[in-house]
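Below is one structure, written out as structure tokens, with a few remarks after it.
Quick note: the coordinates plus some simple rules give every number you see, no bench work behind them. All of these numbers come straight from a predicted model, not from anything done at the bench. FYI the Cβ positions are ideal-geometry reconstructions off the backbone, even for glycines, and counts take in every protein chain you see.
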Amino acid sequence: MSTKFSNQVAVITGGSTGIGLAIAKAALAEGAKRVYITGRSAKSLDAAVTTLGTAAVAIVSDVAQQADLNKLKSEIESRGDQVDALFANAGIAETNELGTTSEDEFAKSFDINVKGVFFTVQTLLPLLKEGSSVVLTASIVANKGMPNLSLYSASKAAVRSFARSWANDLKTHKIRVNALSPGYTRTPIMENGLKLSAEQIVALQEQAKETVPLGYVAQPDEIASAALFLASSEASYINGVELTVDGGLTQI
Ligand SMILES: NC(=O)c1ccc[n+]([C@@H]2O[C@H](COP(=O)([O-])OP(=O)(O)OC[C@H]3O[C@@H](n4cnc5c(N)ncnc54)[C@H](OP(=O)(O)O)[C@@H]3O)[C@@H](O)[C@H]2O)c1
């Protein structure tokens, strides 16, 4: 058995499905003592815990709500845990058209993707161990201008920026902060957020054969392994960077 995270505690916001769930699975496979996963849907979290087992603690907690983040902190404290690895991963991806975007749409993207990440890290800061690691899930869109994704892209550019600033802000605690930018990854965000139909997902997979050097859309565990690397001692001198995991899409 692998032991990269032996006896460690990890917190994964948005850990009920997709990339976050894959990170939780990988952390447990690497020996984590406990993983805390969050999301808004109790049903999705219950399903995740069934998969992950008793070392997973699921907490219904909306990253856009400070009271919910306080509850997450209290739940961790109540078990006497401190945090070795924090994955601020919860996020939404919704399209918006410049010209018809409402203030509510703007607020939703930024409340979850930007404010949510900021206050997740700020709230859990007192529980982060000296020498611990924070991994922020950004996206390749932070550096691209894809059609009808201006809010999502700008929100992820802010997340990428947080990694730089916090690497500096947290240096006295020896806490490393890095951003992870996945490319196309097959998760429920395609249906739930981007509202892609089954046909559109197949079309995206076909398009990936041409546009992604590796020729396919990633599975969540391929992103999770990179997230775990960034959080682990193997990345002990990696700080403030953006690790792009996109099969080469944005390099050509
Ligand atoms: N899939 C991709 O192609 C891709 C590419 C680049 C970056 N990303 C990023 O990767 C991260 C994970 O996305 P995913 O692809 O794994 O999608 P996903 O399967 O939809 O997972 C999103 C997770 O975040 C949770 N979440 C959403 N809003 C939340 C909130 N307000 N508070 C707490 N939890 C919340 C979801 O649970 P609930 O809905 O129940 O709250 C779910 O657990 C996101 O930040 C996304 O932007 C994804």
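Given Cβ point charges of +1 (Lys, Arg) and -1 (Asp, Glu) and nothing else, what value in debye, to the nearest 20, does the dipole of the stretch 176-247 about its Cα centre take?
Numbers: 4 positive and 9 negative charges, 31 e Å.
That gives a dipole near 160 debye.
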Of the options Ile76, Tyr184, Ser61, report the single residue whose Cα projects farthest towards the positive end of the charge dipole of the chain (beta-carbon charges: Lys, Arg +1; Asp, Glu -1). Ile76
Dipole of the chain [Lys/Arg +1, Asp/Glu -1 at C-beta], most positive-end residue of Asn7, Leu28, Ser41: Asn7
Can you report the principal axis dimensions of the chain using only the alpha carbons, biggest first, rounded to whole angstrom? 48, 41, 38
What is the gain in length, in nm to one decimal, between Ala107 and Thr172 on full extension, counting 0.36 nm per residue of separation less the C-alpha to C-alpha distance? 20.1 nm
Specify the angular offset, from 0 to 90 degrees and rounded to the nearest 10, of the alpha carbon long axis of helix 18-29 from the longest principal axis of the alpha carbons in the chain. 30
Using alpha carbon centers only, the stretch 83-129 is separated from the stretch 134-183 by a whole-angstrom value of 11
State, as an integer percentage, the relative contact order of the stretch 38-89 based on alpha-carbon contacts under 8 Å between residues 6 or more apart. 27
Farthest positive-ward along the stretch 108-252 dipole, Cα basis, beta-carbon charges - from Gly145, Pro220, Val241: Val241
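Taking a 24 Å limit on the Cα-Cα distance, which of the listed pairs Lys108/Lys209; Lys71/Lys129; Lys43/Lys129; Lys33/Lys73; Lys71/Lys195; Lys115/Lys171 fall beyond it? Before the final figure, lay out each step's value.
Working: Lys108/Lys209 33 Å; Lys71/Lys129 19 Å; Lys43/Lys129 31 Å; Lys33/Lys73 17 Å; Lys71/Lys195 31 Å; Lys115/Lys171 22 Å.
Too far apart for the 24 Å limit: Lys108/Lys209; Lys43/Lys129; Lys71/Lys195.
Relative contact order of the stretch 107-252, please, whole-number percent, based on alpha carbon pairs below 8 angstrom and at least 6 residues apart.
Relative contact order here is 29 percent.
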Using the Cα centre as the reference, give the magnitude of the dipole from point charges on the C-beta atoms of the chain (Lys, Arg: +1; Asp, Glu: -1; all else neutral), rounded to the nearest 20 debye. 640
Nearest 20 debye, what's the magnitude of the dipole of the stretch 80-157 about its Cα centre given +1 on Lys and Arg Cβ and -1 on Asp and Glu Cβ? 220
Mind checking which of Thr100, Thr137, Thr38 has the largest fluctuation in a GNM of the chain, springs on alpha carbons under 10 Å? Thr100
Please check: in the Gaussian network model of the chain (C-alpha springs, under 10 Å), which one of Thr123, Thr17, Thr172 has the largest mean-square fluctuation. Thr172
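Counting other Cβ atoms within 10 Å of each Cβ, which GluC sites (Glu not before Pro) in the stretch 55-112 have at most 16 and sit in a DSSP loop?
Working: sites: Glu75, Glu77, Glu94, Glu97, Glu103, Glu105; in loops: Glu94, Glu97.
When the GluC sites (Glu not before Pro) of the stretch 55-112 are filtered for loop state and at most 16 Cβ neighbours within 10 Å, Glu97 remain.
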Calculated diffusion of the stretch 18-92, Stokes-Einstein form, Kirkwood radius summed over Cα pairs, 20 °C and 1.002 mPa s, µm²/s: 169
At Lys144 and Ala55, where each label point lies 7 Å from the Cα along Cα→Cβ, what is the point-to-point distance in nanometres? 3.5
I'd like the orientation of helix 220-231 relative to the chain: the angle between its Cα long axis and the longest Cα principal axis, in ° from 0 to 90, rounded to 10. 50
Given the options Val49, Val134, Val117, which has the most mean-square fluctuation in a GNM of the chain, springs set between C-alpha atoms less than 10 angstrom apart? Val49
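Give me the percent relative contact order of the chain, please, defined on Cα pairs under 8 angstrom at least 6 residues apart. Present the calculation step by step, with values, prior to reporting the outcome.
On the way: 506 pairs, mean separation 49.0, N = 252.
Here the relative contact order equals 19 percent.
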